[in-house]
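The values are calculated or read from the model by the stated rules, or taken from the named source; none is laboratory data. Predicted model only: the values in this text are computed from it and were never measured. Neighbour counts run over all protein chains shown; Cβ positions are idealised from the backbone, glycine included.
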Amino acid sequence: MFNNILLAAAVAIPVTPLCAPILAEEVTSPKPVSALAAADPTAFVGGLGSTGSMPPSMALHEKAVANNIACRNAARSKFFELGGKDLSPNDSNAQWATIGNMKAIAWCRENRVVISVAGYNYDSVAEVRDEIAKAF
C-alpha cells in the first residue's frame, strides 16, 4: 500500500520547466575530454599499439572441431607455440592471446571454431590466422 502511495505521488508531480532543475541535477564530467582527443583514430585501436597512420587489419576463419574441450586445448597449445602471452583462462570457450603485436582469438562454439586475428599488416595477420587454423 505504501509503495502505491509513493508511486501515485511520483506520477502526480507536475513536469514543468520550473521543476526540471529540481528533478535532475546538472552533471559535469570530472575530467573534460577535448574534441581533438576524441577524434584521435588511435584511441579506437589503442590495444594494438601505435603504428602511425596504418589502419588495423583483421582476418577470420571458421572450421569444424570435435568439441569445446579439444578446441580449447588445441588453441592454447598453438598460442603457446606461437609465443602468445596474456592468454585467457584455460576453461574459457573464448581463447585469446597476444602474439607479437597482434591479437588472436579462437572462439570454440559447440562443434565449430571461429578464429580471428587483428593487427596492422594484413599479410602477417593472415599468416598467423592460417597457422592457428592448422591446429584444428
Scan region 84-111 for residues that are closer than 18 Å to residue 56 by Cα and under 15 Å from the mean Cα position of the chain (by Cα) and jot them down. 96, 97, 98, 102, 103, 104, 105
Does any residue of region 81-91 turn out to be over 18 Å from residue 135 (Cα atoms) and not in a loop (DSSP other than H, G, I, E, B)? no
Search result, residues across region 45-75 that are of a type in the set (S, T, N, Q), surrounded by 12 or more Cβ atoms within 10 Å (Cβ to Cβ) and at pLDDT below 70: 51
Considering only residues that are buried (at least 18 other Cβ atoms within 10 Å of the Cβ) and farther than 11 Å from residue 72 by Cβ, look in region 106-120 and name the one that is modelled with the lowest pLDDT. 120
Matching residues, region 85-100, being within 13 Å of residue 115 (Cβ to Cβ) and of a type in the set (Gly, Ala, Ser): 94, 97
So how many residues does region 84-100 have that are surrounded by 14 or more Cβ atoms within 10 Å (Cβ to Cβ) and of a type outside the set (Gly, Ala, Ser)? 6
